[in-house]
Structure formats: structure tokens, C-alpha cells
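The values are calculated or read from the model by the stated rules, or taken from the named source; none is laboratory data. This is a predicted model, so every value here is computed, not measured. Methodologically, a virtual Cβ is constructed for each residue, glycine included, from the backbone with ideal geometry; neighbour enumeration extends over all protein chains shown. These accessible areas exclude ligands, DNA and RNA; they are computed on the full protein's heavy atoms, side chains included. Shrake-Rupley method; radii C 1.70, N 1.55, O 1.52, S 1.80 Å.
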Amino acid sequence: MKKYLPLIILIISGCVGMKTYKGVIVQYSDVSKNSDGTYSIEVLGHTDLNETDMVELVELKGKELCKSSDIYVKKYKMGTYGSHSQFGSVYPPKINATIYCSVNNA
């Protein structure tokens, strides 16, 4: 069992930040709180997800972080991630967003 412990730890730590959304796995690859009280969130999506889905994932994480449904997506930038050898010609979407925890502060 001891020889498999590092493998088990690697598998468990690799799953941190992963979530199932609409039947596909997505990953919150970077979530941080900024000095102005906003949060920066980066989500790595799946090729089946569109821009609306990605913004909704940001909103869901924002509601979780703010412990409130009173959030505002200040700005976001869509992109893709991965390489041709990983995914072929269709790259999965990625979103970088900044959110406020209160619409009143936006």
C-alpha cells in the first residue's frame, strides 16, 4: 500500500478545482481575491460549452465565494487552451473574469 500512496495523493490533488457541469468536466484553474475586494476567476471548459455557459460557471463560483447571489461580473475575456496534440483542431474554451461581490459596489 505504501508504494501506491504517492499515486493516490497525485490523483486526489489533481481533482481539486474540478467540477461537473452539464455532463462535462470543467476546472477552476485559478481563483484569487484582489486587493480591491474583487475576485479573479479562471475556468478551463470543455468543447461542448459556449460563452454563455462559461459566464454562468464564473457566476456560480462567484456566488459560492461571495456567499451571496448579489454578484456582478465586472469583465471577462474568452480564449482557448491546450495544444493541437492534446485536442486536435478544436480547442476547449477558457474564461478569465473579474467579479464584484455586490452589485451596489460595481
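The 1.4 Å probe gives accessible areas that order 84, 46, largest first, as 84, 46. Mean projected area of the convex hull spanned by the Cα atoms of the range 22-106, taken over all viewing directions: 5.7 nm². Neighbours of residue 43 by Cβ distance under 12 Å: Lys/Arg scored +1, Asp/Glu scored -1, total -2.
For residue 69, the shell of other residues with beta-carbons less than 12 Å away shows a net charge of -1, using +1 for Lys and Arg and -1 for Asp and Glu. Report, in listed order, any pair from 61/94; 33/63; 22/67; 22/74 with a Cα-Cα distance greater than 19 Å. Flagged as over cut-off: 22/67; 22/74.
The Cβ shell under 14 Å around residue 93 holds other residues with a net charge of -2, Lys and Arg each +1, Asp and Glu each -1.
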